[in-house]
Amino acid sequence: MKVTTQDQELFFRLWNPFLLHINTRADLAPDWKDPGVSPTGEQVRLLTAFLCEHPEVTDEWLAANPQVTPAQRKIVAGWKRCWQGDFFLMRFLSNSAVALTENEEFFQVVSMRGDWRRMFSGVELPILLKGTFVPFRNMIVAEGAFTGESCEVDSRVFREMEELYAQAKKRGEVRTSL
């Protein structure tokens, strides 16, 4: 489960115009009108919240963009299955990270913005974050617009979280797709 440079380029070639469509419809980020410029983290958070509440915007965008290839249409259509909420970033894996949701679901998530370890260098795990995950091909990806903070978790509670992860992994219940 690794995101290549080509994957990143394809994702953002679809993602930014898609978010601009949401913005045109919902007017949540009035200062952002250029798909060639990436939206700010706060703008992404607002727009992805709208996506999760109104997944029909994917169909609207696809209808307005008939030039999109079948493979690209499949990617964008998958964004209807977005997930948004609070999660603990618990563990870094070689090309992804493990997220634990408030519903005790585990996700193996790839970042589209680079290596998780570098993004959170010097921050002690777990980290409590709020963000959005979307499917991309056979992965769960995070675009990278998070809010959150490092939090102190009692060592006993963290061991329980780690034990829950070990059990979920053993049972094959760590989700790798949405």
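No value in this document is a laboratory result; all are computed from the given coordinates. Predicted, not measured: the structure shown is a model, and the values here were computed from it. Positions of Cβ are generated from backbone atoms using ideal geometry, with glycine treated the same way; all protein chains shown enter the neighbour counts.
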Check: Could you give P(r) for region 5-80, binned at 5 Å from zero, as whole percent values over all Cα-Cα pairs?
Finding: 3, 16, 29, 26, 20, 6, 0
Notebook entry, point to check: Tell me, what is the percent relative contact order of the chain, built from C-alpha pairs under 8 Å that lie six or more residues apart?
Noted result: 20
Note to self: Explain nothing, just the number: relative contact order of region 82-175, from Cα pairs under 8 Å at least 6 residues apart, as a whole percent.
What the structure shows: 29
Notebook entry, point to check: Suppose every K and R has +1 on its Cβ and every D and E has -1 on its Cβ; what is the size of the dipole of the chain about the Cα centre, in Debye to the nearest 20?
Noted result: 740
Check: Hey, if you drop one equal point scatterer on each alpha-carbon of the chain and run the Debye formula without solvent, what base-10 log of I(q)/I(0) do you get at q = 0.09 Å⁻¹?
Finding: -0.32
